[in-house]
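Encoded as C-alpha cells, the structure appears first; notes follow it.
The values are calculated or read from the model by the stated rules, or taken from the named source; none is laboratory data. Remember, it's a predicted structure, so these values are computed and weren't measured experimentally. Neighbour counts are summed over all protein chains in view; Cβ atoms, including those assigned to glycine, are modelled from backbone coordinates with ideal geometry. Note: accessible area is taken over every heavy atom of the protein model, side chains too, but ligands, DNA and RNA are not part of it. Shrake-Rupley method; radii C 1.70, N 1.55, O 1.52, S 1.80 Å.
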Amino acid sequence: MTALTEDFANPIDEGGGDFSALAEPYRRELLAHCYRMTGSLHDAEDLVQETLLRAWKSYDRFEGKSSLRTWLHRIATNTCLTALEGRQRRPLPTGLGSSSSDPTAELVERAEVPWLEPLPDVTNDSADPSVIVGSRESVRLAFVAALQHLSPRQRAVLLLRDVLQWRSAEVAEAIGTTTVAVNSLLQRARTQLEAVRPSADDRLDAPDSAEAQDLLARYIAAFESYDIDRLVELFTAEAIWEMPPFTGWYQGPHNIVTLIHQQCPADSPGDMRMVPLVANGQPAAAMYMRDGDRHVPFQLHVLDVSNDRVSHVVAFLDESLFAKFGLPSTL
C-alpha cells in the first residue's frame, strides 16, 4: 500500500502538524470500515486512498464541528456508498443458497463472482484489550458475510450506529437523510441481519489465546505432515469447509477430509507448508504448495475456533491476497 506521506506531500498545517500526520492514525480503522462496507480488501484499500485524497482536498473547509475521526468516517462512508452503486454483493459459497456438496463430485469454479475476501489483522497492539476485542468482532468473517445481505445504505446505517456508536442524527447528517429514515433503515437492517448473522452465543476464541494457538499448530502440523486423517479429530461434528471461487461447501469432518484427499494436489509430507497469521480477527494460516524446489502461494485459510475445535474454514484460493498480508511470494 502506498504510504500516506508519499500521496499527500503538501502539508496543511494545524498547530504545526500536516494533514498526513493527523490522518495516518485513522488509516487502520478506515480500512476496517471500508472493508465492512464492501467485503473486499482490494476495494477497501482503494477507497481509503480515495477517502484521504478527498479529505486532503477539502481539509481547508473542515470547521472542527466534529472530531477529525468522525469527519474522515463520514467521507469514507459516502465514498463507499458511491462505489457500491450497481455492484453485486460479495458472498461466500455458503451464501449462495445451495445445500452442502458431495466431496467426491467435480469442483465447480465461478471466477466471475465477486467473492468475499479476508482482511489482515488491523488491531492496534497498544490499544485497550476491550477495544481489540470489539475491533476483531466487527470484522469477523461471518459478520461481514452477513452484512452482504443488506443494501449499501442499510450497511452504512448499521455500521455507523452499532459499530461506531454514532447517534441517529449524526448518521442522518452524514448520509444526507432524516433521522426517521435512519431509524427505519436501522430497524430493517437489524431484522435482516438477525436472520443470517452468527448467534450471540457463538463466541470464537481470540486468535492469540493459548487454546487457539495450540489448535492452529495442530491443524498446520496435520497438513504439513500430510496426516490429513488427523484433521477429523480437530473439527466439530457440524464443521463447514468452503473455498471460493469454487461454489461448493462441505459439512462434517469426514466429508471435509474426503474432499481434501480427493482434490488436494499434495500427496506426501512436506508438499504443503503453512505460515500462521491472523485474518478477520481469527486464527488463520497461509498455505504454500510445493512447486519443484520451492513452495508457492496456494490458499489462505481463515478458521472459526471455539472450545478447542475448528467449526468453520474458509480457504481462499486467491494468490494476490498473499502480498496484501505481507507474505513472501515463495518459501
* Asked: Where does the longest stretch of the chain lie that holds no GluC sites (Glu not before Pro) found in a DSSP loop with 11 or fewer other Cβ atoms within 10 Å?
  -> 113-331
* At 7 Å along the Cα-to-beta-carbon direction for both LEU327 and ARG294, put a label point, then send me their distance in nm to one decimal. => 1.6 nm
* To do: Indicate the gyration tensor shape class of the stretch 176-331 (rounded, prolate or oblate), computed on the Cα atoms with a ≥ b ≥ c the square roots of the eigenvalues: a/c under 1.5 is rounded; otherwise a/b larger than b/c is prolate and the rest oblate.
  => prolate
* Taking the Cβ of SER184 as the center, what net charge do the other residues with Cβ under 13 Å away carry, scoring Lys and Arg +1 and Asp and Glu -1? -> +4
* To do: Quick one: order LYS65, LYS57 from most to least accessible surface, probe 1.4 Å.
  => LYS65, LYS57
* **Within-15-Å neighbourhood charge of VAL108 [Cβ basis; K, R +1; D, E -1]** => -4
* Structure fact -> Residue span ALA169 to LYS65: 0.36 nm per residue of separation minus Cα-Cα distance leaves a gain in nm of 36.0 nm
* Structure fact -> About its Cα centre, the chain carries a charge dipole, from +1 on Lys and Arg Cβ atoms and -1 on Asp and Glu Cβ atoms, whose size in debye to the nearest 20 is 1220 debye
* Asked: Roughly how many whole Å is it from the C-alpha centroid of the stretch 140-218 to that of the stretch 230-286?
  -> 27 Å
* **Around GLN88: net Lys/Arg minus Asp/Glu count, Cβ-Cβ under 13 Å** => +1
* To do: Please work out how much length the chain gains when fully extended from THR177 to LYS57, using 0.36 nm per residue of separation minus the C-alpha to C-alpha distance, in nm with one decimal.
  => 40.8 nm
* Using only the Cα atoms of the stretch 237-295, build the gyration tensor, take square roots of its eigenvalues as a ≥ b ≥ c, and label the shape rounded, prolate or oblate: rounded if a/c is under 1.5, else prolate if a/b is larger than b/c, else oblate. => oblate
* Asked: Given springs between every Cα pair under 10 Å in a Gaussian network model of the chain, which of SER151, SER58, SER100 has the largest fluctuation?
  -> SER58
* **the chain: most fluctuating residue of ASP43, ASP121, ASP18 per GNM, C-alpha cutoff 10 Å** => ASP18
* Asked: Expressed as a whole percentage, what fraction of the accessible surface of the chain belongs to carbon and sulfur atoms when a 1.4 Å probe is rolled over the protein heavy atoms?
  -> 47 percent
* Structure fact -> With the chain reduced to its Cα atoms and the Debye formula applied, log10 I(q)/I(0) at q = 0.08 1/Å amounts to -0.41
* Asked: How large is the Kirkwood hydrodynamic radius of the stretch 15-87, in angstrom, based on all distinct alpha carbon pairs?
  -> 12.5 Å
* At what distance in nm do the modelled label points of ALA111 and SER99 sit from each other, each positioned 7 Å from its Cα along Cα→Cβ? -> 3.1 nm
* Under the classification rounded if a/c is under 1.5, otherwise prolate if a/b is larger than b/c and oblate if not, where does the stretch 197-266 fall, given a ≥ b ≥ c as square roots of the Cα gyration tensor eigenvalues? -> oblate
* To do: Round to the nearest 0.05 the FRET efficiency obtained for GLN263 and ARG188 when R0 = 35 Å and r is the Cβ-Cβ distance.
  => 0.30
* To do: Would you work out the relative contact order for the chain, in percent, from Cα pairs under 8 angstrom that are 6 or more residues apart?
  => 16 percent
